[in-house]
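Any read-out appearing in this document is the output of simple, stated calculations on the displayed coordinates, not a laboratory observation. Remember, predicted model here, so these are calculated numbers, not experimental data. Cβ atoms come from the backbone with ideal geometry, glycine included; neighbour counts cover every protein chain shown.
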Amino acid sequence: MKFKMKKKVHYNVLIVEDSKLINEGIAKELRLDGHTVTQAYTLREGLDTISHNEYDYLLLDLILPDGEGEMLLPYTRNMGIRTIVMTTDRDSLRRDRLFGFGIIDYITKERYFNDVIQTIRNTIAMVESNDSYTVLVVDDSNFIRNHLELLFSSRGLNVLTAINGLDALKILEKYTIDVLLTDLEMPDMNGFELMYKLRRNIRYESLPIIVLTGSNDSQLIAKVIKHGVKDVIKKPYIIEELLLKIDNILETIKKQRHIDEEQVQFKSYHDGIDSSTLYMRIKTDFGISYMNAKLQQNLFLEGEEVNRSRTLAYLLQDTQLALLRKILMECKGGNVYENILIFPRENHSPLYVSATISPIFDSKGFLKEMILIGHDVTVLQQNEQQLQMEVKKQLSLNLKQQQVMFNQAKMAAMGEMIGNISHQWRQPLNALGLIIQDAEDAYEFGEVD
């Protein structure tokens, strides 16, 4: 039976377990994870349930009140239900036989309940992440090819098979293979010849290879290891051991793939920052270990000038040394420094950078370097300066106008005051003039001597 991955987040899970405490406990935890859980307590209930419903996973106790839980396995395998066995039975032969039947895990119930739950969760997560990986089995034995295909596909892996090295090379050219398992003794092209060709091809030099061999020859095994194989497993192999080794290899591949994806994502972030901002990495002595092209362009640095401009003090032309000391003190204290830095530029106006300088510490807590991310605000600063000049000019003009108006008001007030004074002087003079006129008239008419 070929098991197919079900692209879902939550799964239909059947628990067949006669212990009500264990059954209820597992069901509660899985429901909290969002899974749909059906519970059965006997073999008959289990058979009836899987006959009328579709399930992704079966958690199966081997010892049930009305029979052996193992009797469900032919049904689950044919229906593509992945089975996790939970039991107190420690029989290693039975355990290996059940793995050969396609179960994906064998959990002993003597462990702490939380450990059992976590193992179930980890197993489901591992299986559901395996659909992105492909295993190539190379063996001239039909039985081994079919058996390993069953084992690996039950764990969610894509499985391809080849009968010899030549057949394997054709498959490798057509498909991306994550793990290769190969026999040594095969017709047309044996395992040694296959490994020799793969290790001399840069495309396959890091391909994990597991060798399956029935030989006990230590020199042969040493020769195999020198070919750069990941592991050597002797036939007849212990199924669980083989599966665990495959799981470990895939886990390493998954972690590396995750790291690679993170690096690609980080590079895209870095490229985005590099193209849209001014970026600089600064040593604790203010040496510059990296300056992006955008910052170099904004500073008009070319050729040897770039090499000479390898300190922040040089770029600031020693005009802001006190500021540099403040930056270092803030970063050593674990603080982010934000300010506008002014970079003088020969034959050009200064470059104004709105800068955020963040500290980077090493594993021991010592300041390793500082990262400057900034934006060119030169135009804004120039506009602000121009605006300030216009404001000062307008204020000066307004002040002059006010002074003129004040002087005019002052002159008007003085004129009015002089007018009042002259008015006050004219009144007695007018009276005196009238007296004199009256005296002259009186004299003229002989009224006075």
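Which order results if ARG257, ARG325 are arranged by neighbouring Cβ count within 10 Å, fewest first? Please report the intermediate quantities before stating the final value.
Details: ARG257 14, ARG325 11.
Fewest to most other Cβ atoms nearby, the residues stand as ARG325, ARG257.
For region 110-140 and region 61-109, compute the distance between their C-alpha centroids and round to whole Å.
What the calculation gives is 15 Å, centre to centre.
Could you please report the charge total around THR87, scoring K, R as +1 and D, E as -1 over all other residues with beta-carbon less than 12 angstrom from its beta-carbon?
-4
Give the cross-link partners of LYS393 among the lysines, using a straight C-alpha distance below 28 Å as the criterion and excluding same-chain residues fewer than 8 apart.
LYS393 reaches LYS410.
Could you go through region 50-55 in sequence order and give the Karplus-derived ³J(HN,Hα) for each residue, using 6.51 cos²θ - 1.76 cosθ + 1.60 with θ = phi - 60°, rounded to whole Hz, and x for Gly and Pro?
So the J values, rounded to whole Hz, are 6, 6, 10, 9, 9, 9.
Give me the distance in nm between label points sitting 7 Å out from Cα along the Cα-to-Cβ direction at ARG31 and SER19, one decimal.
2.0 nm
Going 7 Å from the Cα of LEU321 in the Cα-to-Cβ direction, what parts of region 331-349 have a backbone nitrogen less than 19 Å from that spot?
342-344
Work out, in µm²/s and without decimals, the Stokes-Einstein translational diffusion coefficient of region 119-232 at 4 °C, 1.567 mPa s, Rh from Kirkwood over C-alpha pairs.
Value of D from the Cα-based Kirkwood radius: 89 µm²/s.
Please list 3J(HN,Hα) in residue order for region 98-106, calculated via the Karplus relation 6.51 cos²θ - 1.76 cosθ + 1.60 where θ = phi - 60°; whole Hz, with x for glycine and proline.
Couplings: 5, 4, x, 7, x, 5, 9, 6, 10 Hz.
With just the Cα atoms defining each centre, how far is region 266-288 from region 191-230? Give it in Å.
Cα centres, region 266-288 to region 191-230: 44 Å.
Could you tell me the relative contact order of region 286-382? Use alpha-carbon pairs under 8 Å, at least six residues apart, and round to a whole percent.
20 percent
Regarding region 41-91, what's the average projected area of the Cα-atom convex hull, expressed in nm²?
Averaging across all directions leaves 3.4 nm² for the Cα convex hull.
Around LEU351, which amide H atoms from residues at least 5 apart in sequence, or from another chain, sit under 5 Å from its own amide H, with H modelled in the peptide plane?
PHE343, ARG345
Mind checking the dipole of region 1-118: about its Cα centre, +1 per Lys or Arg Cβ, -1 per Asp or Glu Cβ, Debye to the nearest 20?
580 debye
Bins of 5 Å, beginning at zero and ending with the bin holding the largest distance: percent of Cα pairs per bin for region 189-230, please.
5, 23, 36, 23, 9, 4, 0
Express the C-alpha Rg of region 99-176 as a ratio against the empirical globular expectation 2.2 N^0.38 Å, rounded to two decimals.
1.37
Can you tell me, using C-alpha contacts under 8 Å and at least 6 residues apart, the relative contact order of the chain as a whole percent?
Averaging sequence separation for qualifying contacts and normalising by length gives 7 percent for the chain.
If the reach is capped at under 17 angstrom between alpha carbons, list the lysines near LYS174, excluding any in the same chain fewer than eight residues apart.
Those lysines meeting the cut-off are LYS197.
Hey, what's the Cα Rg ratio for region 214-313 versus the globular rule of thumb, 2.2 N^0.38 Å?
The value comes to 2.03.
Calculate one ³J(HN,Hα) per residue across region 345-362 by plugging θ = phi - 60° into the Karplus curve 6.51 cos²θ - 1.76 cosθ + 1.60, and present them in order as whole Hz with x for glycine and proline.
Once rounded to whole Hz, the list reads 10, 4, 6, 9, 5, x, 8, 9, 10, 7, 10, 10, 10, 10, x, 10, 9, 7.
Based on DSSP loop calls and a cut-off of at most 15 other Cβ atoms within 10 Å, the longest stretch of the chain free of exposed chymotrypsin sites (Phe, Trp or Tyr not before Pro) is what?
Here the longest run is 176-299.
If you filter region 324-394 for GluC sites (Glu not before Pro), then keep DSSP loop positions with at most 16 other Cβ within 10 Å, what is left?
GLU346
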